[in-house]
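To keep things clear, I will list the structure first and then write my remarks on it.
The values are calculated or read from the model by the stated rules, or taken from the named source; none is laboratory data. Predicted model, so just to flag it, every value in this text is computed and none were measured. So basically every Cβ, Gly included, is an ideal-geometry build from the backbone, and we count neighbours across all protein chains shown. Only protein heavy atoms, including side chains, enter the accessible area calculation; ligands, DNA and RNA are left aside. Shrake-Rupley method; radii C 1.70, N 1.55, O 1.52, S 1.80 Å.
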Amino acid sequence: MKTLLITGFEPFNNEVINPSWSAVERLPDVISGYELTKLCLPVVFGEAALKVISVAEEIKPDVILCIGQAGGRSAVTPELVGINLRHAKIPDNSGYQPKDEPIIIDGENAYFSTLPVRKMAEAVCEAGIEAQVSYSAGAYVCNDLLYTLLHNYKNTNKRIAFIHIPYCTEQNKNPSMDIDTVVKALTIAIESIDK
Ligand code: PCA
């Protein structure tokens with residue numbers, strides 16, 4: 001069976017939940033011929049990617065799909081691109097707050113995702129869930145993770161993407177999405193990878 005490493009994040013910015021991990025936790029163990037390994041990541045620059053890479057070295061997944069919260073967005077948004085920039089409006093969970101720093105000194109400016117993000121967004125939309133491709137993952141820990149993975153696995157056949165999701169209903173913020181809807185969206189996104 002093919003393997004898929006899927007990650008969510010711990011809470012950050014004074015929240016007590018992060019819907020990315022709540023949704024990942026609820027996914028079934030097998031979707032569309034992919035056996036899922038689930039991992040919860042620290043919201044810490046550099047460390048999140050190191051944790052993914054160390055587990056990926058062990059289990060050698062075919063696909064790495066990372067999920068994160070994007071407060072303020074109303075849609076499920078697969079990210080097209082990761083950029084070589086760290087710029088944080090709030091400190092990460094270790095207290096680090098970089099300002100306009102590269103992730104990799106002399107690294108490429110950007111890498112495109114290596115999964116079919118447009119197809120994934122369209123499939124989710126067709127199921128009646130708000131979704132669209134995003135052209136910026138920001139410059140915080142989520143972008144750091146996406147860029148670092150794409151950099152680390154360039155010239156390999158590992159397929160990598162990042163999906164940002166809205167706040168969940170329990171966070172009492174607007175806009176928001178039910179975790180069950182996010183779980184459905186992620187399932188459909190995974191099912192569409194090889195279609
Ligand atoms: N969202 C943050 C980091 C962790 C998360 O869930 C981001 O968009 O960078």
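Considering only LYS99, LYS60, LYS119, give the residue with the highest GNM mean-square fluctuation for the chain, with springs between Cα atoms whenever their separation is below 10 Å.
Between LYS99, LYS60, LYS119, it is LYS99 that shows the largest mean-square fluctuation.
Let's see if you can work this out: charge +1 on each Lys and Arg Cβ, -1 on each Asp and Glu Cβ, no other charges. What is the dipole magnitude of the range 1-148 about its Cα centre, in debye to the nearest 20? Mind dumping the intermediate values first?
Details: 11 positive and 19 negative charges, 40 e Å.
Here the range 1-148 has a charge dipole of around 200 debye.
Stokes-Einstein diffusion coefficient for the range 38-130 at 25 °C in a medium of 0.890 mPa s, Rh from the Kirkwood formula over Cα pairs: what value in µm²/s? Before the final figure, lay out the partial values.
On the way: Rh = 15.5 Å.
Calculated translational D: 158 µm²/s.
Kirkwood Rh and Cα-based Rg: tell me the resulting Rg over Rh for the range 118-195, rounded to two decimals. Walk me through the numbers on the way to the answer.
Numbers: Rg = 13.9 Å, Rh = 13.9 Å.
My calculation puts Rg/Rh at 1.00.
Run a plain Debye calculation on the chain (Cα atoms as equal point scatterers, no solvent) and give log10 I(q)/I(0) at q = 0.09, 0.12, 0.14 Å⁻¹, rounded to two decimals, same order as the q list.
Per q value, in the given order, log10 I(q)/I(0) is -0.28, -0.52, -0.72.
Suppose all protein chains stay in the model; what accessible area per residue would a 1.4 Å probe give for the chain, in Å²? Numbers along the way, then the final one.
Details: 8850 Å² over 195 residues.
Spelled out: the 1.4 Å probe surface of the chain, per residue, equals 45 Å².
Taking LYS2 as the anchor, which aspartates and glutamates have their alpha carbon closer than 14 Å to its alpha carbon, excluding any fewer than eight residues away along the same chain?
Partners found: ASP29, GLU35, ASP62, GLU191, ASP194.
Please report, ordered by residue number, every helix of the chain (full DSSP H runs) that is 15 Å or longer along its axis going by C-alpha atoms and whose mean Kyte-Doolittle hydropathy reaches 1.0. Write out the running numbers ahead of the final one.
Details: long enough: 47-59 (18 Å, 0.88); 141-152 (16 Å, 0.52); 179-191 (18 Å, 1.31).
Going by DSSP H runs, the hits are 179-191.
Roughly to the nearest percent, how much of the accessible area of the chain is carbon and sulfur, given a 1.4 Å probe? All intermediate terms of the calculation are to be shown ahead of the outcome.
Numbers: 4380 of 8850 Å².
C and S fraction of accessible area: 49 percent.
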